[in-house]
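Visitor: There's a structure below that I have some questions on.
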Amino acid sequence: MNPSHFMDADSQNPRFEWVLRRNTPLTPAQMLVFFASLSLVSLCIGLFFWLQGALLVLPFAALETLAVGVCFLIFSRHVLDQERIVVDGSQVLVEHETAGVRERAQFHRQWVRIEPLAGAHSLIAVSGQGKSMQVGRYVRPERREALASELRRAVRMAEQAA
C-alpha cells in the first residue's frame with residue numbers, strides 16, 4: 001500500500017483525498033528496461049551457443065524470453081491499480097482502477113455510509129443511494145479500520161463546514 005492523503009487548506013470548503021496504490025517495486029518504464037536487458041542477455045547467450053554448434057539453445061532462449069515477457073505483461077497490467085476517495089463539499093467520490101478499467105461512484109455526503117463489510121479486517125463499504133463501492137484493497141487489513149475512521153471523520157468535517 002502506498003497511501004497519499006491530501007487536505008485542501010480552504011476552511012470554508014474542506015477537501016480530503018486518499019489515493020491508495022499497490023506497493024510495486026518497479027514503474028512500467030523500469031519494468032520495460034529490466035525486461036529488455038534480461039532478454040538481451042538471454043538471447044546473446046543463446047546466440048553464442050548457436051554459433052558454437054548447439055542449435056537448440058537459441059530457440060529455447062527465445063521461448064524463455066517470450067514466456068518471461070508474457071509474465072511481465074500480465075504483471076504490468078496491474079502496476080497502476082489504485083483506489084481514489086475524495087470528500088469534497090457535498091460529494092464523496094470513489095474510484096477504483098484495476099488493469100486499466102475504472103469504476104466510479106459518486107455519493108451525496110449526507111447519505112453516505114462507511115463501514116467494514118464483515119469485520120475489522122474486511123474491505124470497507126462506501127454506500128448510499130442504492131450504490132456501493134468497496135475500498136481498502138491496497139491497505140493492510142489491520143489498517144482498514146483506521147482508514148474507515150479517517151473517512152468518517154472527513155465526512156463529518158465537511159458536513160460541519162457546510
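The values are calculated or read from the model by the stated rules, or taken from the named source; none is laboratory data. Nothing here was measured: the structure is a model prediction, and the numbers come from that model. Backbone-built Cβ (ideal geometry, glycine too); neighbour counts: all protein chains shown. In case anyone asks, the SASA skips ligands and DNA or RNA and just uses the protein heavy atoms, side chains included. Shrake-Rupley method; radii C 1.70, N 1.55, O 1.52, S 1.80 Å.
Visitor: Compare Phe16, Phe107, Phe35 in a GNM of the chain, Cα atoms joined below 10 Å, and give the one with the largest fluctuation.
Guide: Phe35
Visitor: With every atom except the alpha carbons ignored, what do you get for Rg and Dmax of region 38-102, in angstroms?
Guide: In Å, with Rg to one decimal and Dmax whole: 21.6, 73.
Visitor: For region 109-162, I need the span (max minus min coordinate) of the C-alpha atoms along each principal axis, in Å, sorted largest to smallest.
Guide: Sorted from largest, the Cα extents of region 109-162 read 33, 23, 16 Å.
Visitor: Okay, next question. Extent of region 21-130 along each principal axis, from alpha carbon coordinates, in Å, largest to smallest?
Guide: Ordered largest first, region 21-130 gives principal extents of 75, 28, 21 Å.
Visitor: Using a 1.4 angstrom probe with every protein chain in place, what is the largest-first accessible-area order of Arg84, Arg104, Arg21?
Guide: Values: Arg84 55, Arg104 150, Arg21 95 Å².
I get Arg104, Arg21, Arg84, largest accessible area first.
Visitor: I've got another one for you. Using the charge dipole of the chain (Lys, Arg: +1 at Cβ; Asp, Glu: -1 at Cβ; taken about the Cα centre), state which of Ser37, Val101, Phe60 has its Cα farthest towards the positive end.
Guide: Sorting the options by dipole projection puts first Val101.
Visitor: Using the Cα centre as the reference, give the magnitude of the dipole from point charges on the C-beta atoms of region 30-136 (Lys, Arg: +1; Asp, Glu: -1; all else neutral), rounded to the nearest 20 debye. Don't skip to the end; give the middle numbers.
Guide: Values: 7 positive and 8 negative charges, 45 e Å.
With only Lys, Arg, Asp and Glu charged at Cβ, the dipole is about 220 debye.
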